[in-house]
Amino acid sequence: MIISNDLIDMYCKCRRMDSAYSVFDRMSERNVVSWTALLWGFLHQGNAEDALCLLSRMGSSDVRPNEYTFSTSLTACGLVGIPENGMQVRGMCVKTGYDLFSVVGNALIDIYAKCGRMSEAGSAFAGLPAKELITWNTLIAGHSSCEGNSERALV
């Protein structure tokens, strides 16, 4: 499984999604790394829709997502621009407790900002137990990109 996961990761980084998917499809057993590596690959090739379809397919498997799976999925939701998809993923994060992980919180702040929902972004920010530099930068970037909120980025 480790070699297969490494191959998926390598093929994704080389922009060879057909080969990555072929390795994934031939695996008799998959773990969270297998699923997340392929999901990340789709996302970084600009194919957020396929990433979200893969997350849905993962939901039918015995493998449970981790914080990186959720973070990647939330980023895909932000790129698709459909807040309802992000809210569904957020619900799964809350149920599993991953909403308190900084990598997931940062992705939540980002998706809220991309959808123009800065009050929800602020709530996600406030709910994080630890605010890292990237957390602050994500919130500031969100304020500066939302019309009428650029002054809040400076406060």
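Tell me the net charge near L108. Cut-off is 9 Å between Cβ atoms, L108 excluded, with +1 for each Lys or Arg and -1 for each Asp or Glu. Taking every other residue near L108 into account, the sum is -2.
In region 18-146, the portion of solvent-accessible area held by carbon and sulfur atoms comes to 54 percent [1.4 Å probe, whole percent, DNA, RNA and ligands not counted].
Once you treat every alpha carbon in the chain as an equal point and sum by Debye, what is log10 I(q)/I(0) at q = 0.10, 0.15, 0.16, 0.18 Å⁻¹? For the chain at q = 0.10, 0.15, 0.16, 0.18 Å⁻¹, log10 I(q)/I(0) is -0.37, -0.77, -0.85, -1.02. Of all aspartates and glutamates in the structure, those lying under 17 Å Cα to Cα from K131, and not within fewer than 8 positions of it along the same chain, are E67, D99, D110, E120.
Magnitude of the charge dipole for the chain, about its Cα centre and with charges confined to Cβ atoms of Lys, Arg (+1) and Asp, Glu (-1), is about 40 debye.
The angle between the Cα long axis of helix 2-13 and the longest principal axis of the Cα atoms of the chain comes to about 60 degrees, rounded to the nearest 10. Full extension of the chain between D18 and M87 gives 21.9 nm of extra length, using 0.36 nm per residue less the Cα-Cα distance.
Spread over its residues, the convex hull of the C-alpha atoms of region 1-90 is 79 Å³ per residue.
Using 1/(1 + (r/R0)^6) with R0 = 25 angstrom and r between the beta carbons of E49 and R26, what's the FRET efficiency to the nearest 0.05? Efficiency, from the Cβ-Cβ distance: 0.60.
Classified by the C-alpha gyration tensor, region 68-151 has an oblate form. Its axis ratio a/c, with a ≥ b ≥ c, is 1.5 or above, and a/b does not exceed b/c. In this structure region 1-118 gives 51 Å² per residue of accessible area when probed at 1.4 Å with all protein chains present.
The values are calculated or read from the model by the stated rules, or taken from the named source; none is laboratory data. Keep in mind that what you see is a predicted model, and the values were worked out from it rather than measured. Note that we place each Cβ from the backbone using ideal geometry, even for glycine, and neighbour counts take in every protein chain shown. For accessibility, only protein heavy atoms count, side chains too; no ligands or nucleic acids. Shrake-Rupley method; radii C 1.70, N 1.55, O 1.52, S 1.80 Å.
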